[in-house]
Amino acid sequence: MNIFNILFSVLIFSFILFHSNALNVTHDSRSIIIDGNHRIILSGSIHYPRSTAQMWPDLIRKAKEGGLDAVETYVFWNAHEPARRQYDFNGNHDIIRFLKTIQDQGLYAILRIGPYTCAEWNYGGFPVWLHNMPGVSLRTKNDVFMNEMKNFTTLIVDMVKKEKLFASQGGNIILAQVENEYGNVMDPYGDDGKSYINWCAQMADSLDIGVPWIMCQQVAAPKPMLETCNGWYCDEYKPKDPNTPKMWTENWTGWFKSWGGADPLRTPEDLAYSVARFFQKGGTLQNYYMYHGGTNFGRTSGGPYITTTYDYNAPLDEYGNLNQPKWGHLKQLHDVLHSIEHTLTNGDIINEKLSNLVMATIYQTKEKSSCFLSNTNTKIDANVNFGGIKFFVPAWSISILPDCREEAYNTAKVSTQTSLMVKKLNKAEDEPSSLKWTWRPELIESASVQGRGDVSLNKIVDQKDMANDASDYLWYMTSIDVAKNDPMLNGTVTLRVNDTGHVLHAFFNGEYIGSQWSKYGNNNVTYVFERNINLSLGKNLISLLSVTVGFKNYGPMFDLVGAGITSPIELVLNKNVVKDLSSNKWTYKVGLNGISNKFFDIDCASKSSSKWVSDPIPIYRNFTWYKTTFKAPLENKPVVVDLLGLGKGMAWVNGHNLGRYWPSYIADKQLCKTKTCDYRGRYSNSKCVSKCGEPTQRWYHVPRSFLKDGENTLVLFEEFGGNPSGVQFQTVEIGSICINTHEGKEVKLSCQDRPISKIKFASFGSPQGVCGSFDKSEYDSKVDALSILEKECVGKESCSFKITEDKFGTPSCEVKKLAVEAVCEDFTF
């Protein structure tokens, strides 16, 4: 046997050993214990259906490089069982492949089966058919619901067991979760809620997975479940059971977006502060929600009114790029925390007040001491003496001293580069500057003019009940016979429709009479649509098209919140004569013609190509289908499609549903209350928002795996009316990079796979501004930092250097920082 065969055999044996040895996962009050090793766990949420299987290896690799020990994911019931006992584990629903990809990277997994997820996912992850089962009540003591929940939970557990993925079988899953944040909503369910959560614990425990089960936000969780915390901060959280480790299953790295909302930002300084503070105060496991947010493809977004992007301002952006400096600043924190893991899990804890501002926490073993210095004041920086050494601890920050002598990390001192991402035009060969479009109308006449549907009932039916989540669209149609002596024949009549807060389009006698939808912040509030109409002698037809924008996903009894049109629907004469139409014969039709006939499918579209018209292309015409072809952008950068100019609708590329689009919904200008973002002080989702007065979402992710060589097809269904002439495909990449950090730090500038083409700004001392708009101050060093860095960095993909006075001169200020902005490739702003 030659040396290559020997090495190959060793590698194979090591792989089998890693994938087959059973791990004993237990805990004490301070740590997760894996095969006798006391561990702190740093984890991050990545939801497999919000990306593609082709993206998973890169996302998980970046999570590992970012210093994580584990990846956490929900299991989405409605994705896997869209119809009762009909299952889908293909493509980006292949949960086993996802878990194995995590395992292949050498990371642990935390499996949150739920199967209620919340997650801003449609209906909280519940399939709507479940809601429509006779006699069912969700998330309470109810045999119908509990039988279905047990069936699905058992199905997932059995699939995972078959592949030997639980740690007890030699796999990488160290924790599993049942239910989700039930403690937040349990009180309204009364005694049945208490019985239900106890049943959840017993059911989960009976599945015998060999690793601990957790319940998040469930104070005093029934044994043997372990309770955990969710929120922006969990440092003050203490489990009810003193033997339960302090675990944080959701540290919200930012926030989600709703249509009409602004872009969220949780600063890396504050996020790092929350993590350091958690471990300073005895934390064991911390999970970032989200580490990669991703995309709500198709109709998966919940809310209602959750956007298609689920970027979440996470350390990895929607497309999988490093969100710098957040990713890098957290990586440095993770490295330091791992370096003191033994001390954190085994050391005695001593707290020492150093001043009115700063508290020292010392973790001490016989071999070593490690320290945290925390300044929780939101305004005042602190200079303190600790162990005979002076330390500068900025407001709202924590310094970590692995040896209690030298600061290795401070949460407010960001030395990682900031990467400003830009959108660049498609440079595919022969790609026209403007796409060539064809179009066809959505045929609505059978409903709006003829009133033809599938089912007729003498009542108004909730959209969830009638459509069963098969489509966003549901027609409600009724006719009114007006006699000669009816006073409404010659008076001013108002059609009054109550809607549950989604979108409504109204037609009267075949004519479009108007639309309405919720304002930002009121998407759970019923609104009233009113239009004046002129009744005709004889038969009059009212056709109402209700459009849902994701079902509610959170709250007590959220599953009972209505969707679509609700009673009463009335005709009002002169404000005092009211005719209630709610008990009329109403005819219902689910979906739209173009969606039912798959106009978006490449094969179906080609068979009916004669029905697509190329000229002239109508614009601002509602209920219109548009189609074009394009070549995939060159290279391998993430791809987006810019839909500015369109109203609202859905988009498909090569038959893949990109999700709902709504670029005409402008973010409320009132949300951006301040121009500056101060990391100091507690974060909330209204703090540090931006891009008010701009489209809530303009760009939509087109995963590379959706594209093919040669010709690709984009199909749009435009519901409101818009102009497709400005649609274009672009790539997302780094435009420029910056640092703005303290003296003494070793820093790196990197354009990744492209050279640094220019140093746009560089100054050492007290430079002002932020990345993209730096300015020198009167206190800055006179040494030409720009020329120094031009020589060291231009033409290289990356350059590293230490910030010292020897290199950059002596400024006339106490706190010294270097600010640099460099341009990647030849991009200029």
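The values are calculated or read from the model by the stated rules, or taken from the named source; none is laboratory data. Owing to the predicted nature of the structure, the values given are computational and were not obtained by experimental measurement. Reconstructed Cβ throughout: ideal geometry from the backbone, glycine too, with neighbour counts over all protein chains shown. The protein model used for the area step is the full one, side chains on, heavy atoms only, and it has no ligands, DNA or RNA in it. Shrake-Rupley method; radii C 1.70, N 1.55, O 1.52, S 1.80 Å.
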Item to complete: Starting from the Cα of residue 786, step 7 Å along the direction of its Cβ; do the same at residue 669; then give the gap between the two resulting points in nm.
Response: 3.6
Worksheet entry | Total charge dipole magnitude, the chain, about the Cα centre, Cβ charges on Lys, Arg, Asp, Glu only, Debye to nearest 20 | 780
Worksheet item: Can you give me the Cα centroid spacing of the range 746-817 and the range 467-529 in angstrom?
Response: 61
Worksheet entry | Debye-sum result for the chain in log10 I(q)/I(0), which assumes one identical scatterer on each alpha carbon, at q = 0.04 Å⁻¹ | -0.20
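Once you have the Cα-Cα distance between residue 534 and residue 614, take 0.36 nm times their residue separation minus that, and quote the gain in nm to one decimal.
Fully extending the segment from residue 534 to residue 614 adds 25.1 nm.
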Fill in: Calculated FRET value between residue 800 and residue 684, using beta carbons and R₀ = 25 Å, to 0.05
0.10
Item to complete: Name the residue farthest towards the positive end of the dipole of the chain from the options 268, 282, 628, assuming +1 on Cβ of Lys and Arg, -1 on Cβ of Asp and Glu, about the Cα centre.
Response: 628
Practice prompt. Would you kindly derive the ³J(HN,Hα) couplings of the range 533-539 from the backbone phi angles with the Karplus curve 6.51 cos²θ - 1.76 cosθ + 1.60 (θ = phi - 60°), listing them in order in whole Hz, with x for Gly and Pro?
Written response: 9, 10, 5, 10, 5, x, 7
Discussion item. Placing unit charges on C-beta atoms (Lys and Arg positive, Asp and Glu negative, everything else neutral), compute the dipole magnitude of the range 737-801 about its Cα centre in debye, rounded to 20.
Written reply: 160
Discussion item. Over all directions, how big on average is the projection of the convex hull of the alpha-carbon atoms in the range 743-824, in square nanometres?
Written reply: 4.8
Worksheet item: Computed from the mean reciprocal separation of all distinct C-alpha pairs, what Kirkwood hydrodynamic radius does the range 647-782 have, in Å?
Response: 19.6
Item to complete: Take each of the peptides 431-438, 542-549, average the number of other beta-carbon atoms within 10 Å over its residues, and list them starting from the highest.
Response: 542-549, 431-438
Worksheet entry | Per-residue ³J(HN,Hα) for the range 682-691, Karplus 6.51 cos²θ - 1.76 cosθ + 1.60, θ = phi - 60°, Hz, x for Gly and Pro | 5, 7, 9, 6, 9, 8, 6, 7, 8, 6
Item to complete: List the cysteines in the chain whose Cβ has no other cysteine Cβ under 4.7 Å from it.
Response: 118, 200, 216, 604, 813
Discussion item. Between residue 578 and residue 654, what's the calculated FRET efficiency when r is the beta-carbon distance and R0 is 45 Å? Round to 0.05.
Written reply: 0.30
Worksheet item: Among the DSSP beta bridges whose two residues both lie in the chain, what percent are antiparallel, rounded to the nearest 5?
Response: 80
Worksheet, complete the sentence: Farthest towards the positive end of the dipole of the range 444-591, among 525, 501, 569 and with Cβ unit charges of +1 on Lys and Arg and -1 on Asp and Glu, lies the Cα of 569
Item to complete: Have a look at 618, 685, 738 and report the one farthest towards the positive end of the charge dipole of the range 617-739, computed about the Cα centre with Cβ charges (Lys/Arg +1, Asp/Glu -1).
Response: 685
Worksheet entry | Candidate residues 277, 682: accessible-area rank, largest first, probe 1.4 Å | 682, 277
Fill in: Cα→Cβ-extended label distance, 7 Å offset, between residue 422 and residue 450, nm
5.4
Practice prompt. Go through the range 612-621 residue by residue and turn each phi into a ³J(HN,Hα) via Karplus (6.51, -1.76, 1.60, θ = phi - 60°); whole Hz please, and just put x for glycine and proline.
Written response: 8, 9, 9, 7, x, 8, x, 10, 6, 10
Worksheet item: Roughly how many Å² of residue 33 are accessible to a 1.4 Å probe, to the nearest 10?
Response: 30
Worksheet item: For the range 343-416, what is the charge dipole size about the Cα centre, in debye to the nearest 20, if Lys and Arg each add +1 at the Cβ and Asp and Glu each add -1 at the Cβ?
Response: 120
Worksheet item: In Å, what Rg and Dmax follow from the Cα atoms of the range 444-591?
Response: 15.2, 51
Worksheet item: So, by mean Cβ neighbours within 10 angstrom, what's the order for 440-446, 310-316, 114-120, 189-195 with the highest one leading?
Response: 310-316, 114-120, 440-446, 189-195
Item to complete: Roll a 1.4 Å probe over the protein heavy atoms and report the accessible area of residue 335 in Å², nearest 10.
Response: 80
Item to complete: Starting from the amide H of residue 252, placed 1.01 Å from N in the peptide plane, find each other amide H under 5 Å away whose residue is 5 or more places distant or on another chain.
Response: 231, 232, 289
Fill in: Unit Cα scatterers, Debye sum, the range 3-323: log10 I(q)/I(0) for q = 0.12 Å⁻¹
-0.81
Worksheet item: Would you list 425, 175 from the most to the least accessible area, probe 1.4 Å?
Response: 425, 175
Worksheet item: How high is the relative contact order of the chain, given as a whole-number percent (alpha carbon pairs under 8 Å, six or more residues apart)?
Response: 12
Worksheet item: Under a plain spin-label model, where a point goes 7 Å from the Cα along Cα-to-Cβ, how far apart in nm are residue 494 and residue 777?
Response: 6.0
Worksheet item: At a probe radius of 1.4 Å, what is the per-residue accessible area of residue 179, in Å² to the nearest 10?
Response: 0
